[in-house]
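Working notes for the structure below.
The values are calculated or read from the model by the stated rules, or taken from the named source; none is laboratory data. Predicted model only: the values in this text are computed from it and were never measured. Cβ placement follows ideal geometry from the backbone for every residue including glycine, while neighbour counts extend to all protein chains displayed.
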Amino acid sequence: MGRSHLGEFEELVLLTVGVLYDDAYAVAITKEIANQSGRSVAVSAVHKSLYRLEEKGMLKSRLGEAESKRGGKRKRLFNITPFGKKAIDESMDLRVHLRNQISDLAFNWQAD
Amino acid sequence: MSKNHKVPAVPHAFFKWYCKRDRYEELHGDLEEFFYENITERGLLRARLYYLSDIIRCCQPYAWKKPKVYSNAHIIMIRNYFKTALRSALRNPLSSFINVFGLSVAIGICLVVYAFMKNDADIDRFHEHKDKVFLTTFYADRNGDLDQYGATPAPLAKMLEQDQPHIEKVGRLKNSNVVVKYGDHVFYELLKSVDPEFLEMLTFPLKWGDPGSLKDLNSVILSENASVKYFGDKNPLGEEILIKYNSGEKKFFKVTGVAKAFPDARIIDFNFLVNFENVWLADPAFDSRDWRDYVGATLIQLDDPAAIDDVKAGMEKYRELQNPVGSDWAIASFDFHSIHNLHYSSADIINGISNDTTSAGRLVLPIIGLFMLALACFNYINMAIGSAAKRLKEIGVRKVIGANKGRVVVQFLAENIFMTFFALLIGIILSVTLFLPWFGGISDMQMDLSLMDANLWVFLISLLLVTGIISGAYPAFYIARFQAVKIFKGSTRFGKKNPLTKVFLAFQLILACITITGAVTFTQNTQYQSERSWGYNQEETLYATVTNGQAHDQLAAVMSQNPDIVSMAGTTHHLGRGYSQAIVQLPERKYEVIEMYVSPQYFETMGLPLKHGRTFEQTPLSDQQALVVNETFVRRLGLSEPVDHIVNIDSTRYQIIGVVKDAHAYNFGNPIRPTIYRVALKDNYYFLTMQARPGKQIEVLNDMKEEWLKLFPEEPLLGGLQEDVWTGYFERVDSYERFNKAIAMVAVLLAGLGLYGLVSLNVSGRIREFSIRKVLGASRKHIASNIARQYTVLTIIALLIGAPVSYMLVEAELNLLFVYALPMNFYGVIMALLVLVSVLIFVIGTRVFKVSRANPVNGLRTE
């Protein structure tokens, strides 16, 4: 696994897949990210990240039911794998760890 | 949700095209979901836009199909195709050469044809308003047929302009023959008097000056040629030239414009343009409101080309105006031709402003191009079938290792298109460096192929594909059908007894037969035309154009000193140089005839033999009411006793006193028309004709030139040997001959090459058989008859079909191009048969010689 660390957008997608457990497919994920982060997200970017995360083994997928609102087409539903959970946790740990190392002095702007 | 709306079709198709099949459902499902949502939230238009942008954004590697050609096996296979194609081409260098060279020649000829046709289509199309400007013509019955005329009644233009709301501008044009003088430069010229709108309708670009200056009565606009002729390279604006009219009027004009050099593809042009109001100088009696007066052309410009139908519908009114007044020649109907397409119909318009070949004449070239291409394609197919026989094993191996029928077809077609491409390159080089100058020289036309022309590329590519596929399709599909097992067993044998090969060869022989017949017949025709009697003695006669009777007397006085002159005559009109027209009234109907005013000595001087009756009396002012007519006149009017017959001209009675033989008043391209000769008044002598002692005409000509220079240093001498009056015509006859010879040469070359290649292939395929025959004691004669036998029957059949076909086709071509064509004979066909049979004997002979010289051991050893 060449690049096992996560890009920022990939991490968001991975987290959202977790949030939407059992109903995580591209459209829902796109909307969820847009809602929660307030930024506009292209569905193609989500697709790209999803497929890459699946390639890396952090997500697994299955085909869902056909729905009329999709023109009778089935959707691909994603779930986090244990490896995916490990990647999220490692990334979170790293961030918390780094955040905790920042001394209060670095935030003390009144002195200037 | 609105199920009524479907996703936009074009982006959807694009998505389907690039998207992987196994991801299409989920990906497009997502996009559709967004699309339907967007319709309800943001409206249809926006939904479509978002959909389109999504499609474009999704076009990323994760969604793409994997292109198939990236697989390694394909590259190796294609490389292999190239290698085998190249190897098999090099193994039979002769047949490859014949193929490529034959195709190149044919493609070269096609390019020449293209250049000719393009040049032809472009004629007069550089004018900005070419679609909106129309030439007015009318139909009238003047000689018993309803003909179309381009010179229209004078009042028509102004009336049209007033009556028809769709007409924006009208332009009249009238030609006059004048003498133009500037300093020492004095020449006869054709002057065009036009309305100032003429240059706005026909947008000839000017090099110097302003087209609007034509509004001034004293302005003249020159062509570039005329400007160079009189002023050299300097800018002549503001210079004054003197124009002398035939009526005796003289006027100075100021040069206010010079046109840029005219494009080669043009028929309508001018040398000198002046304001239309100057026509009264040329013809004081001209009345622009009189329906009996004519102008050379009436052009109209519409606001919308489609409105021409409205204009046409309103023409009945003018017909009614014209018919009672111009009752001599009642107009039957009017017609209009746009400048854009005028040149296609101009051959059918009498006295039009443009002249061009007939529409049938236009077909000759494309047909020849197709002929050549067909010849080359037949060669190719024959050779391909022949050489495929040698590649049977390769095809078998390919099929065994998994090539299906389609693969083999594609391989052979691709190979073929590759070869054609190669031939195309050589063909372009051949046509630009060799054929275009060659054919251009033959036809006296400047032609070039511009590589910037988009149509040329379309033409080249379609030529490539059509030639490649047509010539390759049959062999490719034929070969691909073979079963590998049968090939290896040796039970598939072909190439030797293929009926199609024989049909193609027969066809080639027929085509070659036609072209050779054409070449021989046209060579004969040139001879025939030059020997054809002009109806009088054209070899020993000379003529000079003089300005009036006084000048005639001066010149006649000095020339009568010349002992080499047998006879002299002054005339108003002269055979080959000018005539007027008259209307002869018989009780039952009228005839338009050629009218020539001549002096009594004219018949003797020109050597025009008298058939019946007498010619004019020598005494002055006698025979004023007498006519001498020609044989055609008698025949056409159906006079059984022509002498002493009375006819009416302009309600005056005239008596026919004699009949002379038919003479060509115009070149052989025109039929002889009914002609009347009348006595000319001495004041109206415009020609001096002379008959020289046999063989002395050059001395007389030189003497005349000297005397002329002494008498009239300011006038150009317009005259010379009578034989030279139709130089242009005989040059054209020559060019037909050269053209047909060139075509025949190429056709014989192609057919000969094809035959040679086919016989070679056949012989080398049977080399073992011949070797065994030789070992068993066959003589050279046996082998020769063995090879020749299969071609003899074929040749006989081909020539049996070819000979009558060529006879008829060439006869039709002759009659199309010539009014007085060579009576068709069998020399051409016999010559063609001889040439083809000798080519056949030569080809077979060389092969037989080679086989009989070869050591049979070597023949048996070869594969």
Checklist outcome for this item: Scanning segment B:799-813 for residues that are touching a residue at least 40 places away in the same chain (Cβ under 8 Å) and not charged (D, E, K, R) gives B:L799, B:I801, B:G802, B:A803, B:V805, B:S806, B:Y807, B:L809, B:V810
Item to check | Candidates B:D703, B:D724, filtered to the one that is touching a helix residue (DSSP H, G or I) at 6+ places or on another chain (Cβ under 8 Å) and assigned to a helix (DSSP H, G or I) | outcome: B:D703
Item to check | Output for segment A:45-67, where each listed residue is without any contact (Cβ under 8 Å) to a residue 24 or more places away in the chain, small (G, A, S) and more than 18 Å from B:Y36 (Cβ to Cβ) | outcome: A:S61
Checklist entry - In segment B:401-431, what count of residues is obtained for those that are part of a helix (DSSP H, G or I), at pLDDT below 85 and either among the aliphatic types (A, V, I, L, M) or closer than 22 Å to B:F482 by Cα (or both)? => result 14
Checklist entry - Going through segment B:1-60 one residue at a time, which ones are hydroxyl-bearing (S, T, Y) and at the interface with chain A (Cβ under 8 Å from one of its Cβ atoms)? => result B:Y36
Item to check | Candidate set: segment B:575-608, residues that are without any contact (Cβ under 8 Å) to a residue 60 or more places away in the chain and over 20 Å from B:F687 (Cβ atoms); chosen: the one surrounded by the most Cβ atoms within 10 Å (Cβ to Cβ) | outcome: B:R589
Checklist entry - Quick one: what pairs do we get from segment B:231-242, first residue surrounded by 18 or more Cβ atoms within 10 Å (Cβ to Cβ), second assigned to a loop (DSSP other than H, G, I, E, B), C-beta under 7 Å, 6+ apart or different chains? => result B:F231/B:E239
Next on the checklist: For segment B:1-12, give me each residue that is in a helix (DSSP H, G or I) and surrounded by 11 or more Cβ atoms within 10 Å (Cβ to Cβ).
Outcome noted: B:P11, B:H12
Checklist outcome for this item: Taking segment B:300-319 and the residues there that are out of contact with any helix residue (DSSP H, G or I) (no Cβ under 7 Å at 6 or more places or on another chain) and of a type in the set (A, V, I, L, M), the one that is nearest to B:F334 (Cα to Cα) would be B:M315
Checklist entry - Does B:Y51 satisfy being assigned to a helix (DSSP H, G or I), over 30 Å from B:A376 (Cα atoms), modelled with pLDDT of 90 or more and not charged (D, E, K, R)? => result yes
Next on the checklist: If A:D22 satisfies all but one of (1) touching a residue at least 12 places away in the same chain (Cβ under 8 Å); (2) within 13 Å of another protein chain (Cβ to nearest Cβ); (3) over 13 Å from the mean Cα position of the chain (by Cα), what's the number of the condition it fails?
Outcome noted: (2)
Next on the checklist: B:N562 - would you say it is of a type outside the set (K, R), over 18 Å from B:V660 (Cβ atoms), in the same structural domain as B:D644 (by TED's automatic domain parsing) and surrounded by 16 or more Cβ atoms within 10 Å (Cβ to Cβ)?
Outcome noted: yes
Next on the checklist: For a quick check of your reading: which strands (runs of 3 or more DSSP E) sit entirely within segment B:584-689 and have at least 1 residues that are out of contact with any Phe, Trp or Tyr (no Cβ under 6 Å at 6 or more places or on another chain) and either at pLDDT below 85 or among the β-branched types (V, I, T) (or both)?
Outcome noted: B:590-598, B:626-630, B:646-649, B:652-660, B:675-679
Checklist entry - Taking B:S288, is it in contact (Cβ under 8 Å) with a residue 60 or more places away in the chain and among the hydroxyl-bearing types (S, T, Y)? => result yes
Next on the checklist: Given the criteria of a type outside the set (A, V, I, L, M, F, W, C), touching a residue at least 12 places away in the same chain (Cβ under 8 Å), touching a helix residue (DSSP H, G or I) at 6+ places or on another chain (Cβ under 9 Å) and more than 30 Å from B:L717 (Cβ to Cβ), does B:D122 qualify?
Outcome noted: no
Checklist entry - Just checking, which of B:L834, B:L809, B:L800, B:L794 is within 24 Å of the chain's Cα centre (by Cα), in a helix (DSSP H, G or I) and surrounded by fewer than 19 Cβ atoms within 10 Å (Cβ to Cβ)? => result B:L809
Checklist entry - Does B:A89 fit the bill of being at pLDDT below 80, among the aliphatic types (A, V, I, L, M) and in a helix (DSSP H, G or I)? => result yes
Checklist entry - Does segment A:65-79 include one or more residues that are in a helix (DSSP H, G or I) and buried (at least 21 other Cβ atoms within 10 Å of the Cβ)? => result yes
Item to check | From A:S61, A:S68, residue being modelled with pLDDT under 90 and either at positive phi or not charged (D, E, K, R) (or both) | outcome: A:S68
Item to check | Among (1) within 11 Å of another protein chain (Cβ to nearest Cβ); (2) farther than 25 Å from B:I55 by Cα, the one test that A:G64 misses | outcome: (2)
Next on the checklist: Kindly evaluate B:H28 against the criterion of being within 56 Å of the chain's Cα centre (by Cα), on the phi < 0 side of the Ramachandran plot and part of a helix (DSSP H, G or I).
Outcome noted: no
